[in-house]
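Okay, so here's the structure we're looking at.
The values are calculated or read from the model by the stated rules, or taken from the named source; none is laboratory data. Because the structure is a prediction, the values reported are computed rather than measured. Here the Cβ is made from the backbone with ideal geometry for all residues, glycine too, and neighbour counts use every protein chain on show.
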Amino acid sequence: MTTVVFVRHGLTAATGERLTGQLPDVHLDERGQAQAAALAKRFAGVNLAAVVTSPLERCRETAEPIADQAGLDLHVDDRLIECGYGEWTGRTLRDIAKDPLWKVVQSHPSAAVFPGVDGESLRAVQHRAVDAVRAWNASLGPQAVWVCCSHADVIRLVLADALGMHLDEFQRLVVDPCSVSIVRYTTLRPFVLRINDSDLDFAQLLSPPKPRRKRSPRSAAASPSDRSQPHTP
């Protein structure tokens, strides 16, 4: 019964605004650093077998305090890296929401392939990420508890697999910055114990969304601020 604690990286200056994808040198901002420090304290007393992270700095900076807390070395697995968004990388969410591919990503993500030489399909991302998790499970053994620090879309794709959801339904899942999701893998099936646990009180969790500025019907239909947006890098 290997238990995996999935951690999304903390906040960066680009979170919710720009699609940083696999760009290097995107670091946690002060908010993200505070999130990472607070999250590490939640692991006090947990006997972790390993802490494994995406190679990108924002994930490493989130995972390092957890590894330090546990007295473990930090392992990097390239299969946990953010989706290759190709020509979308570096663009604002508001801008890419105007691209016809945006609707495909939202409504039929299993068919989505991001443009450009470095663009991946979401199917390929799910495959590599699930393979990574399964490989670490096999390596660490059935009684292990380990941390997997990655990115919103990557974690949501792995959760969809654990839940037995079709890839086209993964947009229903929400994974906030520095949140925790927990899956216990057994010989019978994966059991999902937590999703998007960010230790918020109910006042924060249930606060009404901020009012949005009025836009034309066309622009409103493709708004990147919609809750169904595929990522907030």
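A count restricted to segment 75-113 and to residues that are over 19 Å from residue 158 (Cα atoms), in contact with a Leu (Cβ under 9 Å, 6 or more places away or on another chain) and buried (at least 18 other Cβ atoms within 10 Å of the Cβ) stands at 4.
Restricting 122, 80 to those that are within 15 Å of the chain's Cα centre (by Cα), touching a residue at least 40 places away in the same chain (Cβ under 8 Å) and farther than 18 Å from residue 23 by Cβ reduces the list to 122.
If you go through segment 18-33 and pick out every residue that is of a type in the set (Asp, Glu) and out of contact with any strand residue (DSSP E or B) (no Cβ under 6 Å at 6 or more places or on another chain), you end up with 2.
Those residues that are closer than 22 Å to residue 159 by Cβ and either acidic (Asp, Glu) or modelled with pLDDT under 95 (or both), I need them from segment 114-132; list them, please. Talk me through it step by step, then tell me what you get.
At the first step, the residues of segment 114-132 found to be closer than 22 Å to residue 159 by Cβ are 114, 120-132.
Once the filter is applied, which keeps residues that are closer than 22 Å to residue 159 by Cβ and either acidic (Asp, Glu) or modelled with pLDDT under 95 (or both), segment 114-132 yields 120, 131.
If you check 46, 52, 26, 7 for being on the phi < 0 side of the Ramachandran plot, touching a residue at least 24 places away in the same chain (Cβ under 8 Å) and either out of contact with any helix residue (DSSP H, G or I) (no Cβ under 7 Å at 6 or more places or on another chain) or surrounded by fewer than 19 Cβ atoms within 10 Å (Cβ to Cβ) (or both), only one passes: 46. Apart from one condition, residue 204 fits all of (1) of a type outside the set (A, V, I, L, M); (2) in a helix (DSSP H, G or I); (3) modelled with pLDDT of 95 or more; the exception is (3).
If the condition is being assigned to a loop (DSSP other than H, G, I, E, B), touching a strand residue (DSSP E or B) at 6+ places or on another chain (Cβ under 7 Å) and of a type in the set (S, T, N, Q), then segment 155-196 contributes only 179.
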